[in-house]
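*Asks:* Dropping the structure in here first, questions after.
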Amino acid sequence: MRTTLTLDEDVAALLQQVQKAREAPLKVIVNTALREGLIAMAKPAEPRPGFHTKTFELGECSLPNLDNIAEVLTFGEVEDYR
């Protein structure tokens, strides 16, 4: 298959480095890189290890009702509410 590709500058530079190191035609280097990259991309991702957070018992909440934000803020500011 023949096609035209527009390569980013960094990708073109890497291809040239590999081509010089292996002394192989650009066609071989590009096909090898695409083949290896596509095979790696097609593999399913390995499961990540689970993340767990330690929990601590903090006791009972010192606020009477967390649903009333005005009461909570007043409690935090140590003012008489009402």
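*Asks:* Looking at [x] 34; [y] 39; [z] 68, which value of percent of Cα pairs over 19 Å apart comes from a calculation on the structure shown?
*Replies:* [z]
*Asks:* Right, next: On a full-extension model of 0.36 nm per residue, what is the gain between residue 13 and residue 31, subtracting their alpha-carbon distance, rounded to one decimal in nm? Write down the numbers at each step before the final one.
*Replies:* On the way: separation 18, 0.36 × 18 = 6.48 nm, distance 1.60 nm.
Between residue 13 and residue 31, full extension yields 4.9 nm more.
*Asks:* Accessible area of the chain with a 1.4 Å probe: how many percent of it is carbon plus sulfur? Mind showing how you got there, number by number?
*Replies:* On the way: 4790 of 8490 Å².
That fraction is 56 percent.
*Asks:* On to the next question. What dipole magnitude, in Debye to the nearest 20, does the stretch 1-51 give about its Cα centre under +1 on Lys/Arg Cβ and -1 on Asp/Glu Cβ?
*Replies:* Numbers: 7 positive and 6 negative charges, 49 e Å.
Approximately 240 debye in magnitude.
*Asks:* Then there is this: Pick from 26, 66, 38 the residue whose mean-square fluctuation is largest in a GNM of the chain, springs joining Cα atoms under 10 Å.
*Replies:* Among 26, 66, 38, the largest mean-square fluctuation in the Gaussian network model of the chain belongs to 66.
*Asks:* Can I ask one more? Convert each backbone phi in the stretch 57-70 into a coupling constant with the Karplus relation 6.51 cos²θ - 1.76 cosθ + 1.60 (shift: θ = phi - 60°), then list the ³J(HN,Hα) values in order as whole Hz, x for Gly and Pro.
*Replies:* Couplings: 7, 9, x, 6, 6, 7, 9, x, 8, 7, 6, 9, 5, 4 Hz.
*Asks:* Moving to a separate point now. For the residue pair residue 65 and residue 40, what label-to-label distance in nm results when each label sits 7 Å from Cα along the Cα-to-beta-carbon direction?
*Replies:* 6.0 nm
*Asks:* Residue farthest toward the positive end of the dipole of the chain, with Cβ of Lys/Arg at +1 and Asp/Glu at -1: which of 56, 7, 66?
*Replies:* 7
The values are calculated or read from the model by the stated rules, or taken from the named source; none is laboratory data. All values derive from a computational prediction rather than experimental measurement. Here Cβ is always computed from backbone atoms with ideal geometry, including for glycine, and neighbour counts include all displayed protein chains. Heavy atoms of the whole protein, side chains included, go into the accessibility calculation; ligands, DNA and RNA do not. Shrake-Rupley method; radii C 1.70, N 1.55, O 1.52, S 1.80 Å.
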